[in-house]
1. Name the residue, out of E325, E298, E278, that is under 26 Å from K382 (Cβ atoms), over 24 Å from the mean Cα position of the chain (by Cα) and not in a strand (DSSP E or B).
2. Could you say whether any residue in region 141-159 is of a type in the set (D, E), within 27 Å of the chain's Cα centre (by Cα) and closer than 25 Å to S35 by Cβ?
3. Within region 331-344, can one find any residue that is crowded, with 16+ Cβ neighbours inside 10 Å and assigned to a helix (DSSP H, G or I)?
4. Say we look at region 172-194 and pick out the residues that are of a type in the set (A, V, I, L, M, F, W, C) and modelled with pLDDT of 95 or more; which of these is farthest from the ligand (Cβ to nearest atom)?
5. Given the residues E116, E61, which is the only one that is within 21 Å of L134 (Cα to Cα) and not hydrophobic (A, V, I, L, M, F, W, C)?
6. Report the residue count in region 262-291 for those that are within 14 Å of the ligand (Cβ to nearest atom) and in contact with a Leu (Cβ under 6 Å, 6 or more places away or on another chain).
7. Going through region 220-251 one residue at a time, which ones are touching a strand residue (DSSP E or B) at 6+ places or on another chain (Cβ under 9 Å), part of a helix (DSSP H, G or I) and surrounded by fewer than 20 Cβ atoms within 10 Å (Cβ to Cβ)?
Amino acid sequence: MKSICNLISLNHCRAKDPITSLGIGSILSTLKCHSIEHNSRSYNVASKNFTIDSVVQDILETSNKRNADIWFGAFIWNEAYIQEIIHKLKNVHHFLGRVGIAGPQVSHVLERNALECYYEDADMFIRGYAESALLELYQGKANVQGLHLSGTKDFVESANCRPHLLPSPYLDGTLPLTPFIRWETRRGCSFKCSFCQHRGADMKSKTYKFDYDRIAKEIRYFKESKIVKDIAVLDPTFNINTAWSCNILELFKGFNGKISLQIRPEILNSKFLRKALELMDSGTNLVLELGVQTLHPESFQVINRYGDALPINKAIGNVKSKVKELQKYNISHDISLIFGLPHQTLESFKQDVEWCEANTSASIDAFPLILLRGTPLFYEKKKLQLIEKANIQHPLLENIQEFIKHVCSSPTMTFEDWYAMADIAYGLLQKKKKKKKVQDSLLNPFETRVEHLKVLH
Ligand code: SF4
């Protein structure tokens, strides 16, 4: 009997997020394109109405059959829910089908047969981007790369990553256009920041491009639709390849909405900045999101912010000079910092915030450090004497699941220091909200930047 693929997606949606994520949309689109029978259901774990029992009940009512496979994407924010759902399905309701797990919580576990310890009731796992592996599994292929069946020999392989072959979930109607969308042009990241579970599901520190024609068609579709007003581009480092990123920015010219791009500031160059300014002059509200994380030399080093390519002070100097350059050209940017990092002190965190506030008009986000499964910092927790704590009461963490642990003490940081840092981060968040309100109330936020363009030429 042929197995049927059922995707259960537990998302943490912000107010403007569509309920079906881009990741699920891409898998659905792939299965649809190859006529693979499938079902999917998405839930918002941030909703007050979300309950584990309703998910379990839905699965039992729709898919409690021997040939039903239930797949979950495991992330830090839904891990505890998934564990409980699987437990109830298997041990309380004696679910007849198989349970599979993919997502970053699985992809980054590189010890042989360790996945069975994390998820003892699961039957199958996929490491890496799931589209190809699911497709091959339901096409009946043997030895699917990246698929691991519980209790069998674990080859610790990642699934093939072939975004250039994937159909677009927007162009084929799988994901309807909405005012806010997430979108991608490239997967993976060639940097190796030691706290990051985002750098690429296959852990190869490589990047993989989507098909350029698909991208061009999608951009045309977004522009012509007049529905899309806000695009968050998920590429971890959009400016990793100047020629590629400039070509994409060129295609967006005339887009009358906002585009947010995640950028590595130290590799920004004049060609990219010029293209960014041209795009802004065409009427697009471009926002560069800069992952600065820290400017403190020891913390900078321990998170492997720049690898060994440069002396630390020179690397930090590069970050600072690029941030100042964006300020000079009046290119909108947001800065993200992390607090709770190894070697960080309350004083050094304050200095980072003060430097950013003194040198740019950027909105600053400061996020508490979380040790994500499978990252280098996760494994170095003992050596670095990092202490984690869940269920912390602080307004900054209001919208975060209580079960998520944060690093709140280290040899250079007491819990009181952590709390003081969280207060600073909360203050920054309030400032950002206020600034956004003012920006939203402005009639014409798109300034002409011809003068700046002249400077760059
Ligand atoms: S933090 Fe950003 S640049 Fe660093 S590895 Fe992760 S995705 Fe790459």
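1. E298
2. no
3. no
4. Applying the filter and picking the extreme gives L177.
5. Unique residue meeting the criteria: E116.
6. Count: 3.
7. Once the filter is applied, which keeps residues that are touching a strand residue (DSSP E or B) at 6+ places or on another chain (Cβ under 9 Å), part of a helix (DSSP H, G or I) and surrounded by fewer than 20 Cβ atoms within 10 Å (Cβ to Cβ), region 220-251 yields I240, W244.
Every residue, every condition in (1) away from the ligand (no atom under 16 Å from the Cβ); (2) in a loop (DSSP other than H, G, I, E, B), yes or no:
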residue: V99; (1), (2): yes, no
residue: N113; (1), (2): yes, yes
residue: E136; (1), (2): yes, no
residue: A159; (1), (2): yes, yes
residue: P167; (1), (2): yes, yes
residue: Y170; (1), (2): yes, yes
residue: Q197; (1), (2): no, yes
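The values are calculated or read from the model by the stated rules, or taken from the named source; none is laboratory data. Given the structure is predicted, the values throughout are model-derived calculations rather than measurements. Please note: Cβ atoms are built from the backbone with ideal geometry, for glycine as well, and neighbour counts cover all protein chains shown.
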